[in-house]
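A.B. asks: Questions regarding the structure given below will be posed in turn.
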Amino acid sequence: MHKHLFTAALLLTTFSVFSQDILKRKDGTELQVVVLNKDGKEIEYKLFNFQSGQSFKIDKKDVLYVQAANGITENFEQAQAVKTPSAAASTTTIPSSAPVINYSKTIEALSLQVQELKKGQDAQTKAVVDALNAVNQNITALKNQLTQNNNIVAKSNVAPAPKQVETATYTPTKTTASNTAEKHPSPVSSSYPMPDFDDTPYYYEESTNTIIPLEKENYNIQNKAKGLFGAGVYITVQGAAAKVRYSHSQQLQFLIHFQDERTDPSTLFTLIQFTVNQKNNNNLREYLVKQIGLGHSETTTNNISSNVKKVGAGLYLISFREVPTLGEYGIAIEKTKQGYCFGID
């Protein structure tokens, strides 16, 4: 992540392999350096602790000696005395003070280097922040979806025995996209049992004109990661199979009484088919409600179409529009946030 910092550290490490020299000025200043060139009248060097920075030059006449890393010392004062013709007859004068190197340039170079490193850090940090923002947006979208998905959650219990009521059947006049709701009654002499509880589906046995409670299950909502920045919102039920089972050859019909008679009944429930997940011994029945990816989301439509027939005041007969396949099913009730499960073998 810290690409530029790593590069700087590598440069420093590379330079640190070279020898460390000691440069002693005639004014008494001692510097830790790496000597680059000492041919001619000047010595070119870099500060040992800032080898990635600029190089400096100093006149040999201002240098007392240079001690190499191998211990060899080169005394420039003596060399100067030998080269001077009148050295034997004159006294060498050591200046009381020597020019002071302008360290402001060194500090400026260091500051520029730090700024470059900081730019690299800022670029890396921005990339991480952008990725975290994308994840946070997905989390927010999932939380909003949890609030909107009202066809979930159920508590375990079984509805009590039903009571009988005289009703009439009706012919259909209007259909919805996935469920068909029939209105405008056409009386037919018939009798349907009335459930003791509203908003609770029962299996209807036409041959005996009786209703049988379904299995009420506890529904959970789970968020699962899908890909790098994707996620799915699932309705899950514990157990790989429902206890209430029906044969594929049976005519499956369900009776339910809704208090709200002014609302299209097909919008008050959802008929779903679960996928059984037995990975890692989970034994879960799952239904994908919504899939969310980076920058987009997809809502799962009702995958089971049904017919809804009004047979009395607020009383409706629900049946599969097409022959169902074998598997695990459930009816989720919008108002009570409860679900009722059954299996088809």
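A.B. asks: Near the amide H of residue 311, under 5 Å away, which other amide H atoms are found, from residues 5 or more places off or on another chain, if H is placed in the peptide plane?
C.D. replies: Those qualifying (amide H under 5 Å, at least 5 residues apart or on another chain) are 316, 317.
A.B. asks: Please list the non-local residues whose amide H lies under 5 Å from the amide H of residue 289, H modeled 1.01 Å from N, same-chain partners needing a gap of 5 or more.
C.D. replies: Distant-sequence amide H within range of residue 289: 233, 234, 235.
A.B. asks: From the cross-link list 126/226; 38/119; 38/105; 243/335; 118/143, which pairs have alpha carbons spaced over 29 Å apart? Walk me through the numbers before you get to the answer.
C.D. replies: Values: 126/226 24 Å; 38/119 36 Å; 38/105 22 Å; 243/335 24 Å; 118/143 36 Å.
Pairs exceeding 29 Å: 38/119; 118/143.
A.B. asks: Residues with amide H under 5 Å of residue 244's amide H, sequence separation 5 or more or different chain, H placed in the peptide plane at 1.01 Å from N; which?
C.D. replies: Distant-sequence amide H within range of residue 244: 215, 343.
A.B. asks: Using a Förster distance of 22 Å, how high is the FRET efficiency between residue 325 and residue 278, based on the Cβ-Cβ distance and rounded to 0.05?
C.D. replies: Numbers: r = 18 Å, r/R0 = 0.84.
In this case the efficiency is close to 0.75.
A.B. asks: In which sequence would 274, 76 go, from the one with the fewest C-beta neighbours within 10 Å to the one with the most?
C.D. replies: Arranged by neighbour count, lowest to highest, 274, 76 become 76, 274.
A.B. asks: So how do 292, 22 line up by other beta-carbon neighbours within 10 Å, fewest first?
C.D. replies: Fewest-to-most Cβ neighbours within 10 Å comes out as 22, 292.
A.B. asks: Go through 243-249, 317-323, 283-289 and give me the packing order, highest mean Cβ count within 10 Å leading. Intermediate results must be reported in sequence, preceding the final value.
C.D. replies: Values: 243-249: 12.0, 317-323: 15.3, 283-289: 20.0.
Ranking the peptides 243-249, 317-323, 283-289 by packing returns 283-289, 317-323, 243-249.
A.B. asks: Students often check this: by mean Cβ neighbours within 10 Å, which of 325-331, 213-219 ranks highest, and how do the rest follow?
C.D. replies: Descending packing order for the listed peptides: 213-219, 325-331.
A.B. asks: Normalise the Cα radius of gyration of region 195-269 by 2.2 N^0.38 Å (N = residues in it) and let me know the number.
C.D. replies: 1.49
Coordinate-derived values only; no laboratory data. The structure displayed is predicted, hence computed values, not measured ones. Note that we place each Cβ from the backbone using ideal geometry, even for glycine, and neighbour counts take in every protein chain shown.
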